[in-house]
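Have a look at the structure below before the remarks.
A short reminder: the numbers here are calculations on the coordinates, not readings from a lab. Only a predicted model underlies this, so the values are computations on that prediction, with no experimental measurement involved. Quick reminder, even Gly has a Cβ in these numbers, built from the backbone with ideal geometry, and neighbours come from all protein chains shown.
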Amino acid sequence: MRHAAALLGIYLAVVLLPLGLSWAQDMPPRAFRQELASGLGMLAYAVILTEFLLSGRFRSISGGIGLDVTIRFHKLIARIALAFAVLHPFLYRFLPGPPRPWDTTRELTLTTDFTALASGIAAFVILPGFVLASMNHDRLGYRYENWRFLHGIGALILAGLLWHHTVSAGRYGATAELFWYWTTMTGIAAFSLLFVYVLKPLEQMRFPWRVRAVERLCNRHWRVSIEPVGHDGIRFKAGQFVWLNIGHSTFSLRENPFSISSAPSQGPDLEFLIKELGDFTSSLGQIEVGTRAYLDGPHGTLTVHGRSEPGIVLIAGGIGIAPMLGILRELEATQDPRKASLIYANRTQHQILFAEELAHYAKQEIAEVIRVVSEPEADWTGETGFVSRELLRRRFDDDRFAKWLFVLCGPPRMLIALQEALLSLGVTPDRILVESFQYD
Ligand SMILES: Cc1cc2nc3c(=O)[nH]c(=O)nc-3n(C[C@H](O)[C@H](O)[C@H](O)COP(=O)(O)OP(=O)(O)OC[C@H]3O[C@@H](n4cnc5c(N)ncnc54)[C@H](O)[C@@H]3O)c2cc1C
């Protein structure tokens, strides 16, 4: 919570700084409407520049508030920036008459220099298409990697156009302080792409991995294990995830996020549980043992490490069991004294993964295991239906809702319903950790 508050404070300071710097210029006042137009334009540009750092790739940001929150904020703020940017030119009132050379502070005259306006017009045309395409990229039918590439290039072009427009057409943008603010911020934005797409891949080349095993667990689920080559692996916390690239150059955009289902205490090798979904996950069977792999990570905040609550409730839907297994394995390996419960929901009983291992945790009292199936067969003995408020109420006492930590991972709809249920049962937001496997 403190990390989130600090980040929000820094964010507001960075985004509002150009308004403060403009105000401090002490230029002759203009009509409110003109100032509002400039203010909205500057806010839109500042917000767009911060979006580069809210891509989920920077651990100092998403490591504190979580990937989900980072991406949701990124998407929300993009819409706000779009609204401000689109509104801003319409608020200006163009005063009739010839250019006034004596009006050096542009109190009465807006620039009529076409070059300065052209970059703004180009950005004005591109921005709505860019935001709309990003919002609907999954429906547009092009590959995730291609979308990611185009998103990065498009954002860079926009930042360049907006820089030119702001420092050449803006009333305040040409002043020394604002010029340096916009140039530095645009430089940081461009550097963030360089960092993610060039510097990080160069670093990854020094820490290669190799595929140790690929195993089909059931119909559409796989277990993939990798081992470090010539290094000690990564330091991570149980429940975290990495971006995994198997069989491609470190500069390739073909990498996907997967939770680590092994525990840090089990050694440097990493295990992933993967459900087939699209291009990459459906081709896991073709990966050969020994194939080179690379990682970006660890990332993520779905971890019980360092939490002080007396007990933990893990709730997994389907493949959401992956990080939970990592957490359970770590609880066992470290003989963690905290009590734990696992609610594991699936559509059918045949989709239940690691049934024997889970039975072992129940037997060893590492975690009580509650299995839930929505389409049970006649011999099913566990819970039936969905994980609901009613089920939680029936299985847990008030003490648990008042004191324990709740860790959720599963389909987005299940996560939303469960968070609502938990809040209504008195669980405070700081005791609910959530990881959605789908954030865009
Ligand atoms: C934090 C996190 C942890 C995850 N952990 C697991 C796990 O342990 N096991 C598991 O089976 N699945 C996990 N997923 C989901 C997994 O990443 C996707 O199923 C996988 O990337 C799909 O890739 P594809 O090429 O097969 O399908 P595609 O058709 O290419 O992609 C389908 C969807 O997967 C998502 N996706 C694809 N590539 C990326 C990417 N590079 N970055 C972000 N999202 C992407 C997008 O939503 C995309 O629309 C996790 C997702 C996230 C965000």
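Assorted remarks:
- Where only DSSP H runs of four or more residues are counted, the chain gives -14500 deg cm²/dmol as its mean residue ellipticity at 222 nm, each run worth -39500 (n - 2.57).
- To the nearest ten degrees, helix 321-333 and the longest principal axis of the Cα atoms of the chain are 60 degrees apart.
- Against the chain, whose longest principal axis comes from its Cα atoms, helix 67-91 is set at around 20 degrees.
- Leu433 long-range amide H proximity, modeled H, under 5 Å: Phe406, Val407, Leu408
- Note on Arg395 and Glu357: the model spin-label points, each 7 Å out from Cα along the C-beta direction, lie 1.9 nm apart.
- Gain in span if fully extended, Gln25 to Glu375, counting 0.36 nm per residue against the direct Cα distance: 119.3 nm
- Members of Lys363/Lys403; Lys275/Lys339; Lys237/Lys403; Lys75/Lys339; Lys275/Lys363 lying beyond 31 Å, as alpha-carbon distances in this model show: Lys75/Lys339
- Packing rank of 109-115, 38-44, 273-279, where each peptide gets the mean count of other beta carbons within 10 Å, highest leading: 38-44, 273-279, 109-115
- Amide H contacts of Thr109 (H built 1.01 Å from N, in plane; Pro and chain starts excluded): no residue 5 or more places away or on another chain comes under 5 Å.
- Summarising the amide proton neighbourhood of Ala345: residues at separation of 5 or more, or on other chains, whose placed amide H is nearer than 5 Å comprise Ala316, Gly317, Gly318, Val372.
- The length gained on full extension between Arg100 and Glu215, counted as 0.36 nm times the residue separation minus their Cα-Cα distance, comes to 33.9 nm.
- Within straight-line cross-link reach of Lys200, aspartates and glutamates at Cα separation under 16 Å, skipping those fewer than 8 residues along the same chain: Glu255, Asp296
- Using C-alpha pairs below 8 Å separated by at least 6 residues, the relative contact order for the chain is 12 percent.
- Distance between the range 332-374 and the range 189-259 - C-alpha centres, whole angstrom: 27
- Here Thr381, Thr183 are placed in order of increasing Cβ neighbour count within 10 Å, fewest first, which gives Thr381, Thr183.
- With a simple spin-label model that places each label point 7 Å from the Cα along the Cα-to-Cβ direction, the separation between Thr348 and Lys403 comes to 4.2 nm.
- Positive-end residue of Gln240, Pro228, Pro268, charge dipole of the range 209-299 with Cβ unit charges: Gln240
- Relative to the current alpha-carbon distance between Ala4 and Ser60, full extension at 0.36 nm per residue lengthens the span by 19.1 nm.
- Cα extents of the range 191-335 along the three principal axes, largest first (Å): 44, 39, 27
- Between helix 32-51 and the chain: long-axis angle, C-alpha atoms, 0 to 90°, nearest 10: 40
- Vicinal HN-Hα couplings computed from phi for the range 399-404 (Karplus, 6.51 cos²θ - 1.76 cosθ + 1.60; Hz; Gly/Pro x): 4, 5, 5, 7, 10, 7
- Using a Förster distance of 41 Å, the FRET efficiency for Arg206-Phe90 (Cβ separation, nearest 0.05): 0.20
- Local electrostatic count, Ala4, Cβ distance below 14 Å [Lys/Arg +1, Asp/Glu -1]: 0
- For a paramagnetic label modelled on Tyr144 (point 7 Å from Cα along Cα→Cβ), amide N atoms under 20 Å away belong, within the range 235-254, to 239-254.
- Here the Karplus curve 6.51 cos²θ - 1.76 cosθ + 1.60, taken at θ = phi - 60°, turns the phi angles of the range 185-200 into couplings of 5, 5, x, 5, 4, 5, 5, 4, 5, 4, 5, 6, 9, 10, 5, 4 Hz, with x standing for Gly and Pro.
- 3J(HN,Hα) couplings calculated from phi for the range 275-280 with the Karplus curve 6.51 cos²θ - 1.76 cosθ + 1.60 (θ = phi - 60°) are, in sequence order, 9, 5, 9, x, 3, 5 Hz; Gly and Pro show x.
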